[in-house]
1. Of (1) over 27 Å from H316 (Cβ atoms); (2) in contact (Cβ under 8 Å) with a residue 24 or more places away in the chain; (3) surrounded by fewer than 16 Cβ atoms within 10 Å (Cβ to Cβ), H63 satisfies all except one. Which?
2. Give all pairs with beta carbons closer than 6 Å in which a residue from segment 354-374 that is closer than 22 Å to G276 by Cβ and without any contact (Cβ under 8 Å) to a residue 60 or more places away in the chain meets a residue that is assigned to a loop (DSSP other than H, G, I, E, B) and open to solvent by 50 Å² or more (accessible area, probe 1.4 Å); count only pairs at least 6 apart in sequence or on separate chains.
3. Can you name every residue in segment 221-247 that is among the polar types (S, T, N, Q), closer than 23 Å to T301 by Cβ and modelled with pLDDT under 95?
4. Answer yes or no: is there a residue in segment 124-134 that is out of contact with any Pro (no Cβ under 9 Å at 6 or more places or on another chain), closer than 26 Å to G30 by Cα, open to solvent by less than 30 Å² (accessible area, probe 1.4 Å) and at pLDDT 95 or above.
5. I'm checking my understanding of the structure. Among residues of segment 203-236 that are in a loop (DSSP other than H, G, I, E, B) and open to solvent by less than 80 Å² (accessible area, probe 1.4 Å), which one is nearest to M282 (Cα to Cα)?
6. Kindly provide the set of residues from segment 257-308 that are open to solvent by less than 10 Å² (accessible area, probe 1.4 Å), of a type in the set (S, T, N, Q) and not in a helix (DSSP H, G or I), ordered by number.
7. Taking segment 165-202 as the region of interest, how many residues are over 22 Å from the mean Cα position of the chain (by Cα) and in a loop (DSSP other than H, G, I, E, B)?
8. Within segment 239-256, which residues are over 20 Å from A7 (Cα atoms) and either surrounded by fewer than 23 Cβ atoms within 10 Å (Cβ to Cβ) or of a type in the set (K, R) (or both)?
Amino acid sequence: MPNFENARSIILQNISLLGTEKVPLLESLGRVLSEDIIAPWDLPLCDNSAMDGFAVLTSDCSHTPIDLKVTGYIPAGGAITSSVEPGCAITIMTGAPVPPGCTAVVPVEETKQVNDTVTIKAKVNNRQHIRFRGEDIASGSRAVTAGTVIRPAEINMLASLGKTYIPVYQKARVAILSTGDELIELGETPTPGQIINSNALSLAAAVRQSGAEPVLLGIALDNMESHREKMIEGLKCDAMITSAGVSAGDRDFVRDVLVELDVNQLFWKIDIKPGGPTAFGMKDNRPVFSLPGNPVSTMVTFELFVRPALLKMMGHQKTIRSFVKGILQEAASKKAGKVNFIRVRIEKKDGRYLASSAGEQQTGILRTMVTADGLAMLPLEATLIPAGSEVDLLLMNNVDMMTE
């Protein structure tokens with residue numbers, strides 16, 4: 001039975017990159033660029049004004065104030081019709097190409113114009129307020145690097161370079177299977193002993209939040225035939241997640257069917273709590289995750305093990321959320337022999353993270369996942385962790401949020 005770190009290492013070592021595809025620019029948001037983007041032209045394409053003001057010769061403005069004759073006007077997107085002559089200035093708008101001879105742009109607020117004469121009131125420095133051709137990106141240079149997660153900033157850059165279709169790694173299609181006769185689908189009213197199949201929806205949401213595409217297989221009934229039928233379909237996807245049915249009870253069929261379908265089981269349990277009965281295997285190059293059925297265990301193990309694997313499949317170079325150091329605000333106890341992850345509320349105060357229990361820690365209590373901001377990792381052999389102890393925190397929500 002691997003420990004937490006070993007289990008995650010085994011998973012990631014077995015994950016392969018998916019293929020690539022080209023998608024429309026806006027659809028590339030959040031995807032991972034699969035090849036370098038080389039600039040086909042300079043940015044900017046020409047020397048242009050960074051301010052609304054006047055294009056001038058620096059030599060005319062060695063002493064200020066100085067009066068210059070206004071001889072032209074160049075709007076943004078306009079054409080240059082004349083050059084700047086000695087003793088003259090040309091009105092220019094932000095983004096407009098600077099005319100020949102111009103060595104500086106004087107902002108309008110540093111001038112005073114009366115009719116066709118402008119007074120330059122402030123000191124003028126050579127090349128001021130001019131954006132020069134190629135100073136952002138030079139033609140032929142690498143504008144965006146392969147492996148970059150595309151954000152709005154990259155969208156802007158790629159659009160500026162005329163890129164309509166973007167090469168990215170494919171989205172993982174992830175099959176999700178819930179098991180158990182006690183489950184009913186959302187929309188049905190449960191009777192005593194029945195449970196709405198909420199795990200499938202939370203897993204689908206987590207898969208989508210990771211940037212992958214969930215494929216809901218429905219519910220496998222407590223018999224081999226139903227499990228086999230659903231899993232054969234699920235193994236056509238890039239990855240498969242099963243929920244529940246991984247223990248050793250007489251109605252737990254997941255393991256037997258996976259063996260029958262030639263899924264190579266790499267481990268069957270992990271020394272963590274919650275989520276000990278978590279299994280991982282491979283069918284050719286397809287990862288198969290078998291998660292416990294308790295809602296909290298399902299969500300915790302997805303975060304710890306499945307999410308990093310999906311991110312790696314889709315080209316992400318950073319796949320694991322970093323732990324941060326925080327201070328436990330009340331004592332916690334546990335049995336030795338397993339790493340425990342407890343649900344905590346986290347606040348940041350005076351530059352330090354403070355963690356307090358989100359409430360009841362039983363794996364059937366869903367409410368504490370709703371109120372938690374993250375997980376506190378309690379060490380393997382510890383039994384009592386006093387209040388004030390420093391612990392590792394996994395931040396699952398943004399605890400550096402705005403105050404208003």
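The values are calculated or read from the model by the stated rules, or taken from the named source; none is laboratory data. Note that the structure is a prediction, hence the values are computed from the model and not measured. Glycine also receives a Cβ, built like all others from the backbone with ideal geometry; neighbour counts cover every protein chain displayed. Heavy atoms of the whole protein, side chains included, go into the accessibility calculation; ligands, DNA and RNA do not. Shrake-Rupley method; radii C 1.70, N 1.55, O 1.52, S 1.80 Å.
1. It fails just one condition, (2).
2. G374/M396
3. Of segment 221-247, the ones among the polar types (S, T, N, Q) are 223, 226, 242-243, 247.
Checking the rest, the ones that are also closer than 23 Å to T301 by Cβ come to 242-243, 247.
Within segment 221-247, S243, S247 meet the criteria.
4. No, every residue in segment 124-134 fails to be out of contact with any Pro (no Cβ under 9 Å at 6 or more places or on another chain), closer than 26 Å to G30 by Cα, open to solvent by less than 30 Å² (accessible area, probe 1.4 Å) and at pLDDT 95 or above.
5. L235
6. Within segment 257-308, T278, S290 qualify.
7. Looking only at that region, the number is 12.
8. Across segment 239-256, the qualifying residues are A248, G249, D250, R251, D252, D256.
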